[in-house]
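Only one structure is covered here, and it is reproduced in the block below.
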Amino acid sequence: MMQLTPNWEFVSDTVMGGVSSGAVAEEIVGGRSATVLRGTVSLENNGGFIQMAFDLHEDGADVDVSAWDGIEMDVYGDGGTYDVRLRTARLTKPWQSFRADFVDYPHWEKIKIPFCSLVPHRVEAVFDASCLRRIGILAIGRERNAYVAVSNIGFYSSH
């Protein structure tokens, strides 16, 4: 596994007029150091998401991860469904991404998301692992309180 050391940032639908709120914090969860996304997702004002995300390079440069088969994360949460979204250098609009969803449970669990399972969102394209730029984890699409913790994230190979 290629371990990442992300500098997570909080992003919400307020960038487009929504009213969802939340924060990202470093905490001890279930005995592990983790990054936690928590908040309230509201659908008011055409909103509906909170997110923690990071660029693979501080300067926004893309990274070739094509030697790997997918993303691996240790997650802990509230039993809700969350999205993982990847952005590549080939995407031109902020709403375009490649996504997969996962459920987090109230215990630590390792999840693997193969690149081949990613679904293009609002773009006619195929995921290109040679130019990955950004990774995000979102609570999106329905009103709720959200809680998801990530203790490890990186890329895995099946070989």
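Summary of computed values
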| quantity | calculated |
| --- | --- |
| Selection count where residues are touching an Asp or Glu at 6+ places or on another chain (Cβ under 8 Å), surrounded by fewer than 17 Cβ atoms within 10 Å (Cβ to Cβ) and within 30 Å of residue 39 (Cβ to Cβ), scope region 112-138 | 2 |
| Failed condition for residue 27, given (1) modelled with pLDDT of 95 or more; (2) more than 17 Å from the chain's Cα centre (by Cα); (3) surrounded by 14 or more Cβ atoms within 10 Å (Cβ to Cβ) | (3) |
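The values are calculated or read from the model by the stated rules, or taken from the named source; none is laboratory data. Bear in mind that the values here come from a model prediction, so they are computed numbers and not experimental data. A quick note on method: Cβ atoms are made from the backbone with ideal geometry, for glycine too, and the neighbour counts reach across all protein chains shown.
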